[in-house]
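K.L.:
Please read through the structure below; I'll follow up with questions.
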Amino acid sequence: MADAGFIARSADWKMFLKDAFAPNLAKDRKLCYGRSTNNVEKGKYIMIVDLHTHSTASDGQYTPSELVRLAKDRGLEVLALTDHDTVGGLEEAAQAGDALGLRVLRGIELSAREYRSLHVLGYGVSTAPSALTRLCAEMKDGRDQRKYRIIDFLHEKGVDISLAEVEELAGGDVIGRPHFAQIMVRRGWVESSREAFDRYLDTDEYQSIERKKPDARACIEAICSAGGHAALAHPYQMRLEDGPLEELVKALAGWGLEAIECLYPRHTAEQQAFYLRLAKKYGLHVTGGSDFHGERVKPDVVLAALGLDVDWLLGE
Ligand SMILES: [Zn+2]
Ligand SMILES: [Zn+2]
C-alpha cells in the first residue's frame, strides 16, 4: 500500500489546498490525498510537485542547484524550474536533480503582449536551438534595453538607485523588476518589494516603458517548437472578467495551450473553481505551483507541495 498515499481520493479538498501551501506538508505524505475533483480523477497517480519556480538564472534568489536542494528537502518528487525568458538554468537544475534523485522538469515562463501579466509556462522544453531559444535571445535584448528605461523612470520619480547595484544583485542573464525592487528596499525607498511594484514598477505609467513582448500565440508556438507543453500561468493576475478570460483560454487552447495553472497561492477559492471549470470545459490539464522566487524576493511565498497528476508531462 506504499503507493496509496499518492492516489487521489478522500480528504477534504479545501483543507488539502490550505495545507498544500503550508510549509512542511510533504513531510507528512498522508496529507497528499486529494479527493476526486475536476483536478485529479479518482484513481490517478499523483505526485508531489511544484511546477512554477524561479532561480538566479532569472529573478530568483537561489541558484538552480540550491533550488533543487530546497525542493528535495521539502519532499517534492517533481520540480519544474520556470525562469523568465531563459533556459539558462535548466541544465544545472537537471544535473542537481539527477544527483539528488529529484525529477526536474525543464520549464520556462514567457511574458506575452496582450495583457499585463499574461504569462505562458512551458514544460519539458529542450535547450537545443529552436524558435524558443531565439525568442529568449530577443527577450534578453529587450530586457537589456529596458533596464536603462527603468532606471531613468525611477530617477524621474526621485528614486535614486544605481543600475550597477541592480546588475550586481541580478548576477545572471536576466535583469527583472524584482531586482530593482530589492535594491529599492535595501536603500530604504520602499518598505517591501510589493510596495515597489504597487507604487512604481507595476503602475499604468510604468507600462509606457515596458519592453516589446511576443503575443501569446508566438509564446505557445515557441514552447511547442522546443518540444514543450504550454500552460497558462496564474490567470488571476490579468484581472480579467470571467467572460473575456474564457474567450482568451479558448483562443489559447486553439493555438496549442494544454493546461491552466489553476492551483496558485493567490487564487481565491472562487477563482480556482472557475479555472478548474475552464480547464474541464476546454479539455485542458490542471497545473499548479508557488511561483517561488526565494524569501528575499517574495517573502510570503514558500515552495508548494501539490498533489497533481503529471504523467502527461513526464511522458509516461
Ligand atoms: Zn508570472
Ligand atoms: Zn513566475
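K.L.:
Quote to one decimal, in nm, the extra length available between SER192 and ALA128 on full extension: 0.36 nm per residue of separation minus the C-alpha distance between them.
P.N.:
Contour length minus Cα-Cα distance gives 19.2 nm.
K.L.:
How do THR287, THR56, THR268, THR203 rank when sorted from fewest to most other Cβ atoms within 10 Å of their own Cβ? Present the calculation step by step, with values, prior to reporting the outcome.
P.N.:
Values: THR287 30, THR56 23, THR268 9, THR203 13.
Ranked by crowding around the Cβ, least crowded first: THR268, THR203, THR56, THR287.
K.L.:
For TYR282, TYR264, which order do you get if you count the other beta carbons within 10 Å of each Cβ and list the fewest first?
P.N.:
If I rank by nearby Cβ atoms, fewest first, I get TYR282, TYR264.
K.L.:
A further question on this structure: Scan the range 223-287 for GluC sites (Glu not before Pro) in coil per DSSP, keeping those whose Cβ has at most 12 other Cβ atoms within 10 Å, and list them by number.
P.N.:
The qualifying sites are GLU241.
K.L.:
Further, regarding this structure: Let's test the formula: R0 of 45 Å, r as the Cβ-Cβ distance of GLN145 and LYS250. What FRET efficiency results, to the nearest 0.05?
P.N.:
0.85
K.L.:
Which of ASP202, ASP300, ASP291, ASP173 has the fewest other C-beta atoms within 10 Å, and how do the rest follow up to the most?
P.N.:
Sorted ascending by nearby Cβ count, the order is ASP300, ASP202, ASP173, ASP291.
K.L.:
Moving on. Can you compute the helix-only [θ] at 222 nm over the chain? Use -39500 (n - 2.57) per DSSP H run of at least 4 residues, normalise by all residues, nearest 500 deg cm²/dmol.
P.N.:
Result for the chain: -11500 deg cm²/dmol, rounded to the nearest 500.
K.L.:
Run the quick spin-label model on GLN207 and ASP160: label points 7 Å from Cα toward the beta carbon, then report their separation in nm to one decimal.
P.N.:
Here the modelled spin labels are 3.2 nm apart.
Bear in mind these aren't lab numbers, they're just calculated from the coordinates by the rules spelled out. It should be emphasised that the depicted structure is a prediction, and the values quoted were computed from it without experimental measurement. Note: ideal-geometry Cβ built from the backbone for every residue, glycine included; neighbour counts use all protein chains shown.
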